[in-house]
Amino acid sequence: MAGDGQRPAGRFDEVADAAERAFRLLPAVPRDLPPPGDGKARGVARRITTDPENVERDLVKLVLTLVELLRQLMERQALHRVDAGDLTEEQEERLGETLMALHDRMEELCAEYGLTLRDLNLDLGPLGTLLPPAE
């Protein structure tokens, strides 16, 4: 059957049914939502809100989240190098000053957009949060 150019119709029906179920999970417009009080409990829709007034702030939040993740990774790597004795005292001092300056600048940028470093910690659902808890 695969060699004659025909595909099994049953498989396409399965895929179409799966796609239909998936799109029903995320209503595209309010009219697709069940009326309030119909007795059915429903979870929060996982849609991106594209409010033009919040786009800049949300984009800044995403970028700052990535920068904060990289900053924390660099900080951990630096601590491992210090613990391993790979750095001179001067290098340790310069690295510490650089990391503190970066942390301070991150706080300034967050404040400029009405965010905190805690706001940058994305909830990844069952995986937990993106960033480790603040110490």
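The values are calculated or read from the model by the stated rules, or taken from the named source; none is laboratory data. Keep in mind that what you see is a predicted model, and the values were worked out from it rather than measured. Backbone-built Cβ (ideal geometry, glycine too); neighbour counts: all protein chains shown.
Could you list, in sequence order, the residues of region 51-76 that are outside any helix (DSSP H, G or I) and not charged (D, E, K, R)?
Across region 51-76, the qualifying residues are PRO52, ASN54.
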Exercise. Name the one entry in LEU66, LEU117 that is within 17 Å of LEU131 (Cα to Cα) and at pLDDT 90 or above.
Key: LEU66
Self-check item: Number of the exception - ASP86 against (1) free of Cβ contacts under 8 Å to residues at least 12 places away in the same chain; (2) of a type in the set (Asp, Glu); (3) closer than 24 Å to ARG57 by Cβ
Solution: (3)
Quiz prompt | Single residue of region 42-61 satisfying the filter (surrounded by 11 or more Cβ atoms within 10 Å (Cβ to Cβ) and either of a type in the set (S, T, N, Q) or modelled with pLDDT under 70 (or both)) that is farthest from GLU112 (Cα to Cα) | solution = ALA45
Quiz item: Before we move on, is LEU64 surrounded by 12 or more Cβ atoms within 10 Å (Cβ to Cβ) and in contact with a Cys (Cβ under 7 Å, 6 or more places away or on another chain)?
Solution: yes
Exercise. Output the number of the condition that ARG105 fails; it satisfies all remaining conditions of (1) touching a residue at least 60 places away in the same chain (Cβ under 8 Å); (2) within 19 Å of ARG57 (Cα to Cα).
Key: (1)
